[in-house]
Amino acid sequence: MTAVLDGKKIAILATDGVERVEFEGPRDALISAGAEIEVLSLSAGDFQSFDHLDPAATFTADKAVADADAAEYDGLLIPGGVANGDLLRGDSDAVAFVARVAERRTPIGSICHGPWVLLEAGLVEGRNVTSWPSLATDLRNAGANWSDQEVVVDQGMVTSRKPDDIPAFSDKLVEEFAEGRHEDAPQPDHTGS
C-alpha cells in the first residue's frame, strides 16, 4: 500500500471491550498507508481488548476523549466490540467528540457494534449504513437505511459488519481518509442526543 495518508492524523476511539482484530486490522492498514495514529479512550492509559468473549491484548490510549480536539484529526475510526460500543455511546464526552468530528465533515469509519456510537451522536438518520446484524433494528429506528453488506460508504461514513469484513473495510477507510473532508456530508442531528 502506498503512503496515501502521509501527513494525515487519524483518531481511534476505543475502550474496554473493544474487539481486538477490529482495532488492530484497520489500525495497521492506516499505519501502512502512512497515517499518524492517536488512540483516544474514556481516560488516558490502558484498556482491555477482547477476542469475542475472551480477554486479549491491552492497548494504551494516548489521551482521554474529553481532552481531544476534533479539529486535530483527518479521520476517526470507531472499532467494534459489544462492550466497547455500549460504553462509548453511554459517555457524553465520547458522543460529543464524534458529533464534533462529523460537524467538520471529517470521514468516520465504524465496524460491528461501533455504529451504536454514530447513532447516539445523531449521525445515521437518512444515511446508508451496515453493522453487526443485531444493531439493524436500532439503526433503522433511528432513520438509517441499513443493509447487510461487507462495507457501506455514504458521504465519508464507512461502516462494516464483522471481522471478516476488515480487509474491505480497511481499504475503504484508507480511500475515504485520503479523500479528506466531505463538504456535502449531512450534519449531526442533536435532537435525539
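Taken together, the values in this text are just the output of simple stated rules run on the coordinates, not laboratory data. What you see is a predicted model; the values in this text were computed from it and never measured. A quick note on method: Cβ atoms are made from the backbone with ideal geometry, for glycine too, and the neighbour counts reach across all protein chains shown.
Some notes on this structure:
- Close amide H partners of Val18, meaning residues 5 or more places away or on another chain with modelled amide H under 5 Å apart, are Phe50, Asn84.
- Note on region 78-190: Cα Rg divided by 2.2 N^0.38 Å, N the number of residues, gives 0.93.
- Looking at region 48-193 alone, DSSP beta bridges between its own residues are antiparallel in about 45 percent of cases.
- Computed from phi, the 3J(HN,Hα) profile of region 168-180 under the Karplus parametrisation 6.51, -1.76, 1.60 (θ = phi - 60°) reads 5, 4, 4, 4, 5, 4, 4, 4, 5, 5, 5, 5, x Hz, with x in place of Gly and Pro.
- Put simply, when 123-129, 10-16 are sorted by average Cβ atoms within 10 angstrom per residue, most first, you get 10-16, 123-129.
- Debye-sum result for the chain in log10 I(q)/I(0), which assumes one identical scatterer on each alpha carbon, at q = 0.08, 0.13, 0.16 Å⁻¹: -0.20, -0.56, -0.90
- Cβ-to-Cβ counts within 10 Å put Ile78, Ile37, Ile31 in ascending order as Ile31, Ile37, Ile78, the fewest first.
- Placing unit charges on the Cβ atoms of the charged side chains and taking the dipole of region 94-193 about its Cα centre, the candidate lying farthest along the positive direction among Met157, Ala144, Val95 is Val95.
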